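Notes follow once the structure below has been shown.
All of the numbers you see were taken from the coordinates with simple rules; none came from a lab. Nothing here was measured: the structure is a model prediction, and the numbers come from that model. Because the Cβ atoms are built from the backbone with ideal geometry, glycine has one as well, and the counts that use them run over all protein chains shown.
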């Protein structure tokens, strides 16, 4: 029991120490960060991240985050760069060198090669006075941090802080370039967001008993009851041949009431006042296509589409069903 209690307390202590370190770095973020984002936003090349040891692992993850947020990046190991991989650096690229100390033989050997290739360097380091920071075009110096106890010689907090600054850089750059959630979806077709972007109308339509249907000869009283029951704000008008003849919406009923009054209103047949040419869509169309069809197509926006397959109605897709998925 004592061991478990001690472990819990130590875990909390480590997390608090690391959280405090990140908060302190946030307060120290300065104009160098803004200038770095501005410079990266203007350049068309890739971002080449590099580092050794734990800093190298951080650099790899930053490259992955940058790539997934619209800024193509890749990791270059400093040692491999000296043995030919520096050829991966192309005109227009920018290097992001990660090093807590800002010193080290491997990085110092790589910097002249980057200079000769015209590849500017951004330093991500603790020390603004380090060799790396002095040679860099911009230095993101996050200042002194204390490693989490009890093993203060293990790069824990420093690695976390460097990664946090890298995340901040990636997201600020994405915002500066106008990168949005819909762009993230396109880059992540296998993720949850991507799966939403590739949903089809069939996945979200109201089909079977959930589809509101009346006959052409049915009265507006019957149509109103169906609209209220199915709660889609509309109903299909389907003939005996199974084909859609039109649609009626709750807005139509309100307009008819205002224009004609209540005389014979409820006894009027649906076929007399329905819209004869409803907007339709195929069940295998993407939800994003359905949304655009509802919002953008003439003569104006609508809130639902009739889903047609083999000339027969199979469902209704509603605007709210599309919007709640977060796809645009």
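Annotations for the structure displayed:
- Relative contact order (%) - criterion: Cα under 8 Å, at least six apart; region: region 201-323: 30 percent
- Listed candidates (i) 152; (ii) 133; (iii) 228 - label of the one calculated as volume of the Cα convex hull per residue in Å³: (iii)
- Modelled FRET efficiency - R0 35 Å, residue 27 with residue 90, Cβ distances, 0.05 increments: 0.40
- Overall shape of region 46-121 was characterised from the C-alpha gyration tensor. The equivalent ellipsoid obtained from it has semi-axes of 17, 16, 10 Å, in decreasing order.
- Mean Cβ count within 10 Å, highest first, over the residues of peptides 139-149, 157-167: 157-167, 139-149
- Cα→Cβ-extended label distance, 7 Å offset, between residue 265 and residue 152, nm: 8.0 nm
- Cα centroid separation, region 1-65 to region 102-155 (Å): 14 Å
- Protection proxy ranking of 47-56, 292-301, by the mean of other Cβ atoms within 10 Å over each peptide's residues and highest first, is 47-56, 292-301.
- A crude spin-label estimate for the pair residue 41 and residue 303, with each label 7 Å from Cα along the Cβ direction, gives 3.9 nm.
- Segment residue 5-residue 217, length gained on full extension (0.36 nm per residue, minus Cα span): 68.8 nm
- Peptides 242-249, 23-30 ranked from most to least packed give 242-249, 23-30, packing being the mean of other C-beta atoms within 10 angstrom over each peptide's residues.
- In this simple spin-label approximation, residue 284 and residue 79 carry label points 7 Å from Cα along the Cα→Cβ vector, and these lie 5.3 nm apart.
- Computing Rg and the Kirkwood Rh from the Cα coordinates of region 1-109 gives a ratio, Rg/Rh, of 1.10.
- CD proxy at 222 nm, helix term only [per DSSP H run n ≥ 4: -39500 (n - 2.57); per residue of the chain; nearest 500]: -14000 deg cm²/dmol
- For the chain, the antiparallel share of DSSP beta bridges with both residues in that region comes to about 45%.
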